1. Let me see the P(r) profile for the chain: every Cα-Cα distance counted, bins of 5 Å, each bin given as a percent of all pairs.
2. With a 10 Å radius around each residue's Cβ, average the other Cβ atoms per peptide and rank 162-170, 99-107, highest first.
3. Given the alpha-carbon gyration tensor of segment 95-155, what are the semi-axes of its equivalent ellipsoid in whole angstrom, ordered largest first, with each equal to the square root of 5 times an eigenvalue?
4. Which value, in debye to the nearest 20, describes the size of the charge dipole of the chain about its Cα centre when Lys and Arg Cβ atoms bear +1, Asp and Glu Cβ atoms bear -1, and nothing else is charged?
5. Rounded to the nearest 500, what is the 222 nm mean residue ellipticity of the chain from helices alone, with -39500 (n - 2.57) per DSSP H run of 4+ residues and division by all residues?
6. What FRET efficiency, computed as 1/(1 + (r/R0)^6) with R0 = 45 Å and r the Cβ-Cβ distance, is obtained for Glu174 and Asp28, rounded to the nearest 0.05?
7. Between segment 183-223 and segment 62-95, how far is it from one alpha carbon centroid to the other, in angstrom?
8. Compute the angle between helix 132-145 and the longest alpha-carbon principal axis of the chain, please, reported from 0 to 90 degrees and rounded to the nearest 10.
Amino acid sequence: MIIEIDDAGTGSPLGGIVIGILKGRLFDYEIIPVEYFQNEENNEYYNEIKEKTLESVLKLLRRVNFDPEEDIIHICRGNIFSHVHKYLWENKLKWTFTKIVSRLQDLVEFIYDLHLVELGVPRMLVKRLTTYGRYVTELFKWVALSPKDRQKIVKTRFPIWRKEWKYSEVSFKETISKRFTYCIECGETIPAGEKVITAIIKTPKREFKAYLHPQCYERLKFKGGEIELVRVNRCNA
Ligand SMILES: [Zn+2]
C-alpha cells in the first residue's frame, strides 16, 4: 500500500509542527513542540529537529503497521525530513519523493490549526487566516498585543521574529471603525461605525494597525494589569 508522510506548521511563526501519516484510511500524527524552535544560537540545533522528525516518523510507521515488503512511502522533499530521507535510503526501503496534495495535507493542516488553538490562539482568528503573508503578520500582531505571555509560543528561531517582531511596540487609541473588519484579539467581526480600539503596532521596519472590540481590549488590559488607554509594550529583549 502507499503510505504518505507530510508536515504542517514549519512555515508558521507560532507553535510546533505536525508530522502526519496516511495509509489507506489510517491517519495518525505526532507533534514536535514549539520548544524545539526556540533555540536562537546553536547551529546544531536544527539537526535536533530533524532527528526528532525521524523519531516521529518511525513511531508513526509502527503505528500504521508499516510493511517493508508491501508498502511504498511517499514523502515530501522538505528539508525537515532530510534525516528521514537518509534513513529510508540507507535501509533500502521502497520510497519516493512526492508533493503531497491529498487528503493528508488537509488533515495535517487541520491538526496544526487545532494545535494553535490549544496553545491559546483564538479559534476564530485561526479560521480567518488563509493567505500565507497575512497569516504570519496577523499572528505576530496578536503576539505583539501581549508579548509577555504570548512569545512563549513563538518560533523564536525565525529571523523575522529575531530581527523585527521581537522589538514591536504597541499603543492603543479609541476610534470608530470605518469599515467592516475583525478583532485581532478574538477573531470575531467588527461592523463599520462601531466604537473600536485601534492598536498601532510598530516594529523597527514597519507599522501595522489592528482592531479590537472595546471589551476585548478591556480583558487584555485587565490581564496586563494596565490602566491607561494609551500604553506602550516592549517585548523582552
Ligand atoms: Zn474581540
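Read-outs: derived from the displayed coordinates by stated rules, not from any lab. Here the structure is a predicted model, which is why all the values come from computation and not from measurement. Neighbour counts run over all protein chains shown; Cβ positions are idealised from the backbone, glycine included.
1. 1, 6, 13, 16, 15, 13, 10, 8, 7, 5, 3, 1, 1, 0
2. 162-170, 99-107
3. Output for segment 95-155: semi-axes of 26, 12, 12 Å.
4. Values: 39 positive and 33 negative charges, 193 e Å.
In debye, rounded to 20, the chain gives about 920.
5. Numbers: 8 runs with 84 residues, N = 237.
The per-residue figure over the chain is -10500 deg cm²/dmol.
6. Numbers: r = 49 Å, r/R0 = 1.08.
For Glu174 and Asp28, the calculated efficiency is 0.40.
7. 46 Å
8. The answer is roughly 50 degrees.
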